[in-house]
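Inspection log for the structure reproduced underneath, given as structure tokens.
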Amino acid sequence: MVAEREAKKKRRERREFILLRTVAGKEDIVAFVIEDKVKELLKAGQDPGIYSIVVPADIKGYIVVEAKNIHTVVELVKGFSYVKGRVPGVLKLKEIEKMVRTKPFIELIKPGDIVEIISGPFRGMHARVTDVNRVRQEITLEILDAAFPLELKVPVEQIRPVKSKG
Amino acid sequence: MSSRRSRSKKVTYKACTRCRYIVPSDVKQCPVCGSTTFTDNWKGMVIVIDPEKSEIAKIIEAKVPGRYAIRV
């Protein structure tokens, strides 16, 4: 039992979260390339020691790689022009947790916010949120681009936030 | 001709609203949870390579390797 706990602790200690600086807007491509390279190595019977890659939702120009050690990651992205370099030091798991454990989209929307409708007959129009129904996952909107007051209910996946009320 | 070529190159992705698994937009059913509801409105991504060894996979409760959206 103690040995098992010790082994688990040791495994955890070896985990490192490396922050890579990328060209802004190319984070997804860098992550996909690393994923492909790791898959190729795994197919060839090698273990590169990379367990996951995070493309943060709110930070542009950075990705996080969870790996056994820094050197494997550095070797893997060597010569890749979209990678600008590595940020010195490693991140802590708590910091990563904040990045990946986010609230559902509907929790972030509140009455007064300005949103854009991204599908359906009102696609492309801007609207003000008047009510949020979290149970039915529905948003009540007041269309801003209409000549007369127009209210409608849309599913949350049909809108995109433009401006928060604050 | 050129427009056809550019269209074939671009692959768009959508995320399952239930388990956040990311799939190409032509997929009808989520291969992880079986849900048929997807959204194009997602932000951030976690690529899980080894769900058993990854600490991040445990946080997001991912048991299958693949791509997961952070915010749906």
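The values are calculated or read from the model by the stated rules, or taken from the named source; none is laboratory data. Because the structure is predicted, anything quoted here is derived from the model rather than measured. A quick note on method: Cβ atoms are made from the backbone with ideal geometry, for glycine too, and the neighbour counts reach across all protein chains shown. Just so you know, the surface numbers come from the protein's heavy atoms only, side chains and all, with ligands and any DNA or RNA stripped out. Shrake-Rupley method; radii C 1.70, N 1.55, O 1.52, S 1.80 Å.
Considering B:Cys16, B:Cys30, the condition of being more than 10 Å from every other protein chain (Cβ to nearest Cβ), closer than 19 Å to A:Ile118 by Cα and open to solvent by less than 80 Å² (accessible area, probe 1.4 Å) is satisfied by B:Cys16 alone.
The C-beta contact set for the stretch B:40-64 (first residue more than 7 Å from chain A (Cβ to nearest Cβ), second residue open to solvent by less than 20 Å² (accessible area, probe 1.4 Å) and not hydroxyl-bearing (Ser, Thr, Tyr), distance under 7 angstrom, 6+ apart or interchain) comprises B:Trp42/B:Ala15; B:Trp42/B:Ala69; B:Pro51/B:Ala57; B:Pro51/B:Ala62; B:Ala62/B:Val48. Being open to solvent by 60 Å² or more (accessible area, probe 1.4 Å), free of Cβ contacts under 8 Å to residues at least 24 places away in the same chain and not in a loop (DSSP other than H, G, I, E, B), is that true of even one residue in the stretch A:51-69? No, that holds for no residue.
For the stretch A:107-166, filtered to residues that are of a type in the set (Lys, Arg) and in contact (Cβ under 8 Å) with a residue 24 or more places away in the chain, the residue that is nearest to the other protein chains (Cβ to nearest Cβ) is A:Arg160. Taking the conditions (1) in a loop (DSSP other than H, G, I, E, B); (2) open to solvent by less than 60 Å² (accessible area, probe 1.4 Å); (3) within 14 Å of chain B (Cβ to nearest Cβ) in turn, A:Phe80 satisfies each one other than (3).
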